[in-house]
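**Student:** This is the structure, below, for whatever I ask next.
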Amino acid sequence: MAASLVLVLVVAVTVRAVLFRSSLVEFISERVEVVSPLNSWKRVVEGLALLDLGVSPYSGNLFHETPLTLYLFHFLIDYAEFVFMAMDVITAVALYIVADDFNKVVFRKQRIAFEFQKYAPDVITLVRTPKEMYHIPLKVALFYLLNPFTVLTCVAKSTCAINNAVIAIFILATVKGSAFLSAVFLALAAYQSLYPVALFAPALLYLAQKHYVLVNLHSTTFLLHLLKYAVMFLGCLMVIICLSFFLLNSWSFIPSTYGFILSVPDLTPNIGLFWYFFAEMFEHFRLFFVCVFQINVFFYTLPLSVKLRDHPMFFMFVQLAIIAIFKSYPTVGDVALYMAFLPMWNHLYRFLRNIFVVTCMLISSSVLFPVLWHLWIYAGSANSNFYYAITLAFNVGQILLVSDYFYAYIRREYHLIEGLNLKSKDGKEAHVVLK
C-alpha cells in the first residue's frame, strides 16, 4: 500500500510540475472559481511588496491574508511552487492516515456490536469487510491529489491549499486522540479562515469517543472534557493572534481578514452564494441578510451534533461540506477537501437516491463555469444572471450530494439495528420513510 501511495504522490507532483511550466498558469491563476480575494496569489505578492516598502499590507483594501501566511512567503517566496506542492502532499498523506485509522475504529465498533448483539441477524450484507476497506486510504489520497479542483488550486498558488493542509492535520490529530494537537491545528485553521470554528463540535465528539467519555451534558466528566478542549483551543487561538500583533505591531489585520470575511465587501464573482445576492441588495437591508447568510455555516452544527453524536467522523465530513457551500468566498479547493472523504462512505452507495443526477450537475456546472464567464465578460452575449445560474446549479448539486449521503448514512444505521426485511404490524412488507 505504501508503494502505491508513493506512486500516486509522484504522479500528482509530476502533473503539478508540468502545469507550473506550461502557459496555462496565468489563465488558471485568474479563474474566479479557483481564487478569491482572500486567497489570490497576486494579492499575496502585492502584500509582500508593501511589506518590503515598509507599508502595512492592511492599509488598503487589497490584502486579506493572515500575517503568518504573509511572513511565511516573505521567507519562501522563491520556493512558492514547492511550498504549494508540499501542502498538497501533506494533506493527502494526512488524509491517508486518517482513513486508515478510521478503518480500524469501524472494525472495532462492528466487533463490539456483534458481541453485544446490537445488529439485526439479516444485515450481514451491510457489514464492512477488511477486503472492501483495504484500498479506501489510497482512494482518499487519490481523490484529493488527482482531483482537478485540487490541481487547479495548487497551480494557481491559492492559499486555500495551505488551509486544507492545516485542516487535514487537525483531523489527523483528532483521529489519533491528541486533544492538544487537535486544538492547536483547529486554532490555526480558524485563524486562517474563521469558518473552521464550526469543526469544534465534531472534534470534541470524536475525542470524547476516543477517550471513552460519555457524551452527556449532565456528566461532569464530559463537561470537564469540553472545558479542557475549549480552553486549549481558545488559548492557542489567542497566542496565534497575539503573535500576529507582535509581527505587525498593529491590530489592523483583524478587520482586514475576519472583518472582510464576515462583512463581504468585495463582490467579485465566485462559486458562492453571496456575491450576486448582495450586488442586488438595497443597502439598508444588507446587515440583516449578511447575518442570515453567515449564520448558515454554524446553524446546522447543533442539530447535527445531536443526530450524529455517535458518528463524529461523518459529522466532520458534513460540516466541511457545509463550510464549502455557505462560506462567503468559496473556491473549488474547499470543495476538493470534503470530496476526498467520499471513498470512506462507499458502503452507502446502495442507499443513495440521486447520485447520477448530482454527478451530472456537478460535472456540467464545472465545465460551464468558464464558458459562461467568457460569454459574460469577453463576448458580451450573456450577463451576470447566466453565471449566477450555473453557480446556483453547482451549489444545489453540492447540497443534494451531502443530503443524499446523510440520508443514506441514517438509513444504513437504521437497517443495522432493525434489519433489512422490515415487516409492518399486519405482517406485510414495510418501507422506510425519512421524515
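**Student:** From Cα coordinates alone, what are the radius of gyration and Dmax values for the stretch 107-235 in angstrom?
**Tutor:** 18.3, 52
**Student:** Enumerate the calculated ³J(HN,Hα) couplings along the stretch 293-302 in order (Karplus 6.51 cos²θ - 1.76 cosθ + 1.60, θ = phi - 60°), each rounded to whole Hz, writing x wherever the residue is Gly or Pro.
**Tutor:** Working through the residues one at a time gives 5, 5, 5, 4, 4, 9, 5, 8, 5, 5 Hz.
**Student:** At what distance in nm do the modelled label points of residue 296 and residue 230 sit from each other, each positioned 7 Å from its Cα along Cα→Cβ?
**Tutor:** Going by the 7 Å Cα→Cβ label model, 2.8 nm.
**Student:** Right, next: Taking amide hydrogens as modeled 1.01 Å from N in the peptide plane, which residues meet the under 5 Å criterion relative to residue 328, leaving out close sequence neighbours?
**Tutor:** So residue 328 has HN proximity to no qualifying residue.
**Student:** Can you give the local net charge around residue 268? Use residues other than it whose beta-carbon is closer than 14 angstrom to its beta-carbon, Lys and Arg +1, Asp and Glu -1. List each step's numbers first, then the result.
**Tutor:** On the way: positive: 31, 42, 43; negative: 30, 33, 266.
For residues surrounding residue 268, the net value is 0.
**Student:** Based on a Kirkwood Rh over C-alpha pairs, give the Stokes-Einstein translational diffusion coefficient of the chain at 10 °C and viscosity 1.306 mPa s in µm²/s. Before the final figure, lay out the partial values.
**Tutor:** Details: Rh = 23.2 Å.
Translational D for this selection: 69 µm²/s.
**Student:** Once Rh for the stretch 184-321 is found with the Kirkwood sum over Cα pairs, what is the Stokes-Einstein diffusion coefficient at 10 °C and 1.306 mPa s, in µm²/s? All intermediate terms of the calculation are to be shown ahead of the outcome.
**Tutor:** On the way: Rh = 17.1 Å.
Value of D from the Cα-based Kirkwood radius: 93 µm²/s.
**Student:** In deg cm²/dmol, rounded to 500, what helix-only [θ] at 222 nm does the chain give when every DSSP H run of at least 4 residues adds -39500 (n - 2.57) and the total is split over its residues?
**Tutor:** -21500 deg cm²/dmol
**Student:** Here's another thing I want to ask about it. Hey, what do the phi angles of the stretch 172-184 turn into as Karplus ³J(HN,Hα) couplings, whole Hz, using 6.51/-1.76/1.60 and θ = phi - 60°, x for Gly and Pro?
**Tutor:** Those phi angles translate into 4, 4, 5, 5, 6, x, 8, 5, 5, 5, 4, 5, 4 Hz.
**Student:** Mind checking the log10 I(q)/I(0) for the stretch 4-45 at q = 0.32 Å⁻¹? Debye, one equal scatterer per Cα, no solvent, two decimals.
**Tutor:** Summing over Cα pairs of the stretch 4-45 leads to -1.00.
**Student:** Which order do the peptides 87-93, 258-264 come out in when sorted by mean C-beta neighbours inside 10 angstrom, highest first? Write down the numbers at each step before the final one.
**Tutor:** Working: 87-93: 22.1, 258-264: 16.6.
Those peptides, ordered most packed to least, come out 87-93, 258-264.
**Student:** I would also like to ask the following. Counting only residues 5 or more places away or on other chains, whose amide H sits under 5 Å from the amide H of residue 341 once H atoms are built in the peptide plane?
**Tutor:** none
**Student:** With a sphere of radius 13 Å drawn around the Cβ of residue 86, what net charge do the other residues whose Cβ falls strictly inside it have (Lys, Arg +1; Asp, Glu -1)? Mind showing how you got there, number by number?
**Tutor:** Numbers: positive: 16, 157; negative: 81, 88.
Charge balance near residue 86 sits at 0.
**Student:** A further question follows. So how much slack lies between residue 81 and residue 379, counting 0.36 nm per residue of separation and subtracting their Cα-Cα distance, in nm?
**Tutor:** Values: separation 298, 0.36 × 298 = 107.28 nm, distance 3.30 nm.
Using 0.36 nm per residue and subtracting the Cα-Cα distance, I get 104.0 nm.
**Student:** At q = 0.21, 0.24, 0.26 Å⁻¹, what is the log10 ratio I(q)/I(0) for the stretch 349-419, with the Debye formula run over Cα points and no solvent?
**Tutor:** Per q value, in the given order, log10 I(q)/I(0) is -0.83, -0.95, -1.03.
**Student:** Quick one: if you stick a label point 7 Å off each Cα along the C-beta vector at residue 417 and residue 45, how many nm between them?
**Tutor:** That separation, rounded to one decimal, is 5.7 nm.
**Student:** Which entries in 118/139; 109/131; 109/210; 210/327; 109/327; 104/131 show an alpha-carbon gap greater than 23 Å? The partial results should precede the final answer.
**Tutor:** Values: 118/139 30 Å; 109/131 17 Å; 109/210 12 Å; 210/327 30 Å; 109/327 34 Å; 104/131 13 Å.
Check vs 23 Å cut-off fails for 118/139; 210/327; 109/327.
**Student:** Could you tell me how many degrees, from 0 to 90 and to the nearest 10, lie between the Cα long axis of helix 41-52 and the main elongation axis, the longest principal axis, of the Cα atoms of the chain?
**Tutor:** Taking the Cα atoms of the chain, the angle to 41-52 is about 50 degrees.
**Student:** So how tilted is helix 312-326 from the main axis of the chain? Cα-based, degrees 0 to 90, rounded to 10.
**Tutor:** Helix 312-326 and the main axis of the chain meet at about 40 degrees.
**Student:** By how many degrees, between 0 and 90 and to the nearest 10, does the Cα long axis of helix 384-418 differ from the longest principal axis of the chain?
**Tutor:** Compared with the principal axis, the helix lies near 20 degrees.
Laboratory data are not the source of any read-out in this text; all were calculated from the coordinates shown. Everything numeric here is computed off the predicted structure, so don't read it as measured data. We place every Cβ from the backbone using ideal geometry, glycine too, and count neighbours over all the protein chains shown.
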